[in-house]
Amino acid sequence: MIKTVEEKERVVVRFAGDSGDGMQLTGDRFTSATAVLGNDLATLPDFPAEIRAPAGTVHGVSAFQIQFASSDITTPGDHADVLVAMNPAALKADLSKVDAGGIVIVNEDAFTQRNVEKAGYAADPTTDGSLEGYQLYKVPMTSITVRATEGVGIGKKEAERAKNMFALGLVSWMFGRPTETTLDWLERKFGGKQEIYDANVAAFKAGYNFGETTELFAHSYKIAAAPVDPGTYRNVAGSTALSWGLIAASQRSGLTLFYASYPITPASELLHELSRHKNFGVITLQAEDEIAAANVALGAAFAGDLAVTGTSGPGMDLKAETLGLAVIMELPMVIVDVQRGGPSTGLPTKTEQGDLLLAMFGRHGESPMPIVAPSSPSDCFAVALEAARIAVRYRTPVIVLSDTFLSNSSEPWRVPDVADLPEIDPNFAVPDGEGFLPYARDEKLARPWAVPGTPGLVHRVGGLEREDGTGNISYDPENHERMTHLRQAKVDGIADDIPPLEVDDPSGEADLLVLGWGSSLGTIRAAATRVRDAGGKVATAHLRHLNPFPANTGDVVKAYRTVLIPEMNMGQLAMLIRARFLIDARSFTKVQGLPIFAEDLEEEIRRVLND
């Protein structure tokens with residue numbers, strides 16, 4: 001049988017299976033092979049909160065979606081062209097995410113009567129005609145994997161666990177992914193466990209060869225490399241990029257990076273990544289709780305380190321008192337909040353942007369803090385640098401608002417030249433022979449940063465109000481008001497030290513501005529492009545700095561008749577924009593634990609344009 005190769009511009013593949021089926025690993029390996037080919041890509045890991053949900057249930061389905069293309073893309077895709085379902089529950093959970101007429105590949109061995117009933121089907125969906133609107137391929141993945149691994153010295157149960165490698169091999173053949181990338185990774189991962197390595201290699205090759213030789217598949221697909229600027233590229237997840245941005249800030253400032261945190265989903269990845277980089281002098285500490293982590297980090301800031309603590313929403317609640325202490329002590333510190341669905345434990349593995357108002361106001365007293373937010377996985381690197389720059393220059397704690405989607409998803413990233421990264425000058429205080437004033441201020445209203453133990457720079461810090469200049473404890477009413485205004489003015493003044501808000505308005509005739517922040521950038525760009533391609537006129541802008549806003553933000557939002565703000569919350573940025581600039585900003589919100597999809601926002605933009 002002669003198989004044909006069909007060329008496509010873009011494809012969305014979704015791997016779905018039980019939590020123990022290794023779908024995240026499968027998607028991650030497919031992503032790495034795709035990056036090697038030079039396709040542009042965006043990913044969406046989508047997994048349940050339970051570490052091990054009941055096997056075979058819809059609630060226990062773990063999925064990984066990737067869109068890859070020969071052109072620029074900004075989202076993981078609205079609908080899958082290909083779904084790989086490892087069991088009936090995966091098919092039940094994710095079939096609605098497949099385009100009509102799309103390809104559905106199921107692990108035929110898993111569609112037993114018991115599994116079908118456990119997934120909630122009345123009958124086997126692969127035989128009752130309910131999948132007639134799709135291209136259905138039934139592949140006995142488990143049994144072929146077991147046969148392929150005979151003789152490698154492992155039991156049947158262990159052999160069955162390698163079926164995800166069979167699926168990866170099959171889809172790798174289908175889209176012409178290089179096998180070397182996966183085989184090299186398997187050697188690094190399992191090279192010390194010969195039987196496990198042999199089993200996974202055998203399963204991967206069996207899947208690849210099955211696609212190549214079976215008459216079941218008549219086509220494979222080719223997606224050409226995407227045009228990119230010259231440079232060295234690698235695939236990077238948001239949590240990795242953010243960690244490396246902090247390390248870069250440490251190197252560019254000459255400060256020791258000290259990171260303290262308590263394990264919490266999804267922020268734990270930062271601790272995992274940073275702990276691997278002791279060669280850069282990184283110090284990591286897993287504290288006994290969130291409060292301890294924040295306090296230890298603040299102590300490191302007092303000692304002259306680049307101090308960072310990371311957490312998610314519930315941890316931010318617990319750190320609030322320490323953050324207030326950091327504000328009144330006016331010490332540089334970075335606090336990373338990887339947002340997840342709330343309140344309380346909420347949806348710990350799902351994404352949300354629900355902590356913006358918490359970051360703005362979630363402390364007692366008047367305690368302003370700068371806030372920055374990355375817009376893509378690779379942008380996490382630049383935002384980490386920017387947060388450190390602001391913290392060190394202005395002697396203030398700074399909050400980085402990432403989210404689960406950014407942290408877990410990945411995209412190609414051009415590795416920057418270290419020499420091109422901004423320098424960060426800690427400008428430590430030095431004795432000048434005169435009396436040291438720990439709360440004297442420079443032109444940016446930043447106070448001196450004196451390393452404890454420096455002769456001539458002895459001073460006290462603490463949570464009680466400081467006297468302006470001397471730093472002595474002061475209960476004077478006028479002094480408290482003056483210090484309150486000074487702390488606020490220092491943060492407000494950062495607006496003069498950040499880039500203006502850029503507007504993308506190709507026609508210059510748009511009446512509608514779509515304004516976003518955080519991980520909605522890709523969705524906004526994709527939706528606006530679709531509307532423009534159809535003749536619509538829409539402008540877009542995206543905020544990296546959320547406190548303070550860029551100095552021209554008011555001019556930008558007042559220049560458009562309508563401002564539409566899409567957010568994964570109940571309209572928190574819209575509330576701030578309305579209050580600050582007195583415009584009737586319109587909200588488009590989604591709080592389902594998933595990113596806003598481009599087709600949802602495209603529909604909303606069209607509706608607003610037609611109003």
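Shape class for region 299-439, computed from the alpha carbon gyration tensor (a ≥ b ≥ c): oblate, with a/c not under 1.5 and a/b at or below b/c.
Under the combined filter of DSSP loop state and at most 14 neighbouring Cβ atoms within 10 Å, region 29-136 retains these GluC sites (Glu not before Pro): Glu50, Glu132. The peptide list 506-519, 562-575, 483-496, put in order of mean Cβ contacts within 10 Å with the highest first, becomes 562-575, 506-519, 483-496. If R0 is taken as 51 Å, the Cβ-Cβ distance between Gln286 and Asp432 corresponds to a FRET efficiency of 0.80.
Pull out a ≥ b ≥ c, the square roots of the eigenvalues of the alpha-carbon gyration tensor of region 94-177, then state rounded if a/c is under 1.5, prolate if not and a/b is larger than b/c, and oblate in the remaining case. Judged from the Cα gyration tensor, region 94-177 comes out oblate (a/c at least 1.5, b/c at or above a/b). If the segment from Ala224 to Gln135 were pulled out straight at 0.36 nm per residue, it would be longer than the present Cα-Cα gap by 29.7 nm.
Relative to the longest principal axis of the chain, what angle (0 to 90°, nearest 10) does the C-alpha long axis of helix 572-581 take? Value to nearest ten degrees: 40. Taking the C-alpha atoms only, the angle from helix 477-493 to the longest principal axis of the chain is near 40 degrees.
A 1.4 Å probe run over region 297-376, with the rest of the protein chains in place, finds 27 Å² accessible per residue. Rounded to the nearest 500, the helix-only mean residue ellipticity at 222 nm of the chain stands at -11000 deg cm²/dmol, with each DSSP H run of n ≥ 4 adding -39,500 (n - 2.57).
Since only Val58, Thr126, Thr553 are under comparison, the one whose Cα sits farthest along the positive direction of the charge dipole of the chain, derived from C-beta charges on Lys, Arg, Asp and Glu, is Thr126.
Note that region 247-252 has calculated 3J(HN,Hα) couplings of 5, 4, 5, 4, 5, 7 Hz, one per residue in order, obtained from phi through the Karplus relation 6.51 cos²θ - 1.76 cosθ + 1.60 (θ = phi - 60°); glycine and proline are x.
Greater than 27 Å separation of Cα atoms is the criterion. Which listed pairs, Lys118/Lys193; Lys92/Lys222; Lys3/Lys138; Lys97/Lys222; Lys97/Lys558; Lys157/Lys193, meet it?
Long pairs (Cα-Cα over 27 Å): Lys118/Lys193; Lys92/Lys222; Lys97/Lys558.
At a probe radius of 1.4 angstrom, the accessible area of region 487-578 per residue rounds to 38 square angstrom. Value of Rg to Rh for the chain, rounded to two decimals, is 1.02; Kirkwood radius and Rg both from alpha-carbon coordinates. Relative to the dominant Cα principal axis of the chain, helix 194-213 is inclined by about 60°. Computed from backbone phi with θ = phi - 60° and the Karplus coefficients 6.51, -1.76 and 1.60, the 3J(HN,Hα) list for region 277-293 is 10, 5, 5, 9, x, 6, 10, 10, 9, 8, 7, 6, 6, 5, 5, 4, 4 Hz; x is used for glycine and proline. Taking all Cα pairs closer than 8 Å and separated by 6 or more residues, the relative contact order of region 1-103 comes to 36 percent.
Computed from phi, the 3J(HN,Hα) profile of region 174-191 under the Karplus parametrisation 6.51, -1.76, 1.60 (θ = phi - 60°) reads 4, 10, x, 6, x, 7, 4, 4, 6, 5, 5, 5, 4, 5, 5, 6, 10, x Hz, with x in place of Gly and Pro. Surface composition of the chain: carbon and sulfur make up 51 percent of the accessible area, probe 1.4 Å. Would region 508-553 count as rounded, prolate or oblate if I go by the C-alpha gyration tensor, calling it rounded below 1.5 in a/c and otherwise prolate when a/b exceeds b/c, oblate otherwise? Verdict is oblate for region 508-553. When each of the peptides 245-256, 379-390, 577-588 is scored by how many other beta carbons lie within 10 Å of its residues on average, the order from highest to lowest is 379-390, 245-256, 577-588.
At a 1.4 Å probe radius, which order do Trp449, Trp244 fall into by accessible area, largest first?
Descending accessible area places them as Trp244, Trp449.
Starting from the amide H of Asp40, placed 1.01 Å from N in the peptide plane, find each other amide H under 5 Å away whose residue is 5 or more places distant or on another chain. Here Ala69, Ser71, Ala226 satisfy the definition.
Calculate the FRET efficiency for Leu486 and Arg580 from the Cβ-Cβ distance with a Förster distance of 22 Å, rounded to the nearest 0.05.
Approximately 0.55, to the nearest 0.05.
The values are calculated or read from the model by the stated rules, or taken from the named source; none is laboratory data. What you see is a predicted model; the values in this text were computed from it and never measured. Positions of Cβ are backbone-derived with ideal geometry, glycine not excepted, and every protein chain shown enters the neighbour counts. With ligands, DNA and RNA removed, areas are computed over all heavy atoms of the protein, side chains included. Shrake-Rupley method; radii C 1.70, N 1.55, O 1.52, S 1.80 Å.
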